[in-house]
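Report on the following structure.
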Amino acid sequence: MIEQQIAIPTKDGHTATFIVHPERGGPFPVILFYMDAPAIREELRDMARRLATSGYYVMLPNLYYRSGVMEFGALPTDPNAPERKRMFALMGSLTIPMIMDDTSALLAYAEGQTAANSKIVGAVGYCMSGRYAINAATHFPESVKAAASIYGVQLATEQGDSPHLAAGKTKAELYFACAETDVYAPPEIVEKVKEGMSGANAEVEIYPGTHHGFAFPKRPVYNRDAAERHWERLLALYRRNLV
């Protein structure tokens with residue numbers, strides 16, 4: 001495997017982006033891997049590596065670069081801790097238009113790389129970034145062929161770029177993995193997403209016995225069986241579409 005961290009120029013600066021792909025056999029379809037709220041960390045790099053071993057050029061950008069933040073380190077469990085309040089403030093500072101501008105920059109960079117096939121792209125986002133992955137499919141419909149939201153938040157809003165409205169804006173296959181118990185995506189929100197995806201090339205799946213964050217090995221809520229199911233679903237999604 002080949003790994004590197006590149007400062008990719010964007011409209012608002014440079015985003016430090018972890019890139020990993022196999023050494024041989026390219027060019028490889030591009031996977032846009034959008035981080036969750038706790039920021040870049042080795043746990044996410046390991047997940048990017050796992051994706052790359054299946055034959056993908058994986059890009060994991062730092063979405064907090066506008067605030068000069070890269071990594072938090074360990075976060076306290078206390079929801080009122082200053083570190084957590086800072087995390088939620090950073091999360092709230094991002095918008096879909098901002099991240100789509102960043103996505104445009106990432107794809108422009110990939111276009112110039114011999115190891116990357118930027119015409120065949122998949123996207124995945126966890127937690128705060130589920131909506132970014134789905135919007136990548138609607139904003140870049142010619143290249144993004146599949147997108148997955150893993151326990152995404154703000155999936156059904158009043159805005160025109162709400163993920164639950166995405167089905168009519170893209171030909172990409174969409175996948176939503178939802179935790180059974182998730183205060184950030186309660187059942188009524190999941191139902192709106194199901195309604196929005198009705199008849200589309202999409203699946204909304206609820207993972208029984210899980211909580212928000214179940215796919216991350218370092219979380220107390222980690223559920224190994226559910227995490228492995230999410231990997232199976234994600235890789236199958238890409239195998240079907242990134243060809």
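The values are calculated or read from the model by the stated rules, or taken from the named source; none is laboratory data. Values in this document were obtained by computation on a predicted structure and should not be read as measured data. With ideal geometry, Cβ positions are generated from the backbone for all residues, glycine too; neighbour counts draw on all protein chains shown. Note: areas computed on protein heavy atoms with side chains; ligands, DNA, RNA excluded. Shrake-Rupley method; radii C 1.70, N 1.55, O 1.52, S 1.80 Å.
Could you work out the percent of alpha carbon pairs in segment 94-175 separated by over 19 Å, rounded to a whole number? Cα-Cα pairs in segment 94-175 separated by more than 19 Å: 31 percent.
For segment 133-243, the fraction of 1.4 Å probe accessible surface lying on carbon and sulfur atoms is 49 percent.
When the Cα gyration tensor is reduced to axis lengths a ≥ b ≥ c, the ratio a/c is 1.5 or higher for segment 55-144, and with a/b above b/c it is classed as prolate.
Over all pairs of different C-alpha atoms, segment 36-103 has a mean inverse distance whose reciprocal, the Kirkwood radius, equals 13.4 Å.
When the P(r) of segment 133-243 is calculated, the portion above 17 Å amounts to 52% of the C-alpha pairs.
DSSP assigns beta bridges within the chain; of those with both partners inside it, close to 35 percent run antiparallel. The alpha carbon gyration tensor of segment 32-186 gives principal lengths a ≥ b ≥ c with a/c of 1.5 or higher and a/b no greater than b/c, which makes the shape oblate.
Which GluC sites (Glu not before Pro) from segment 1-68 combine a DSSP loop assignment with at most 10 other Cβ atoms within 10 Å?
GLU23
Under the combined filter of DSSP loop state and at most 13 neighbouring Cβ atoms within 10 Å, segment 155-189 retains these GluC sites (Glu not before Pro): GLU158. In this model, which of LYS171/LYS194; LYS169/LYS218; LYS11/LYS169; LYS85/LYS218; LYS145/LYS194 are farther than 29 Å apart at the alpha-carbon? Checking Cα-Cα distances, LYS169/LYS218 exceed 29 Å. Mind checking the log10 I(q)/I(0) for segment 19-72 at q = 0.13, 0.21, 0.22, 0.31 Å⁻¹? Debye, one equal scatterer per Cα, no solvent, two decimals. Each listed q corresponds, in turn, to -0.33, -0.72, -0.77, -1.19. The length gained by stretching the chain between GLU228 and VAL69 to full extension, at 0.36 nm per residue less their Cα-Cα distance, is 54.2 nm. Only helical runs count toward this figure. For the chain, summing -39,500 (n - 2.57) over DSSP H runs of n ≥ 4 and dividing by all residues gives -10000 deg cm²/dmol at 222 nm. Summed over the residues of segment 111-174 and divided among them, the accessible surface reaches 36 Å² per residue at a probe radius of 1.4 Å.
The trypsin sites (Lys or Arg not before Pro) of segment 194-227 that meet both conditions, a loop assignment by DSSP and at most 14 other Cβ atoms within 10 Å of the site Cβ, are LYS218.
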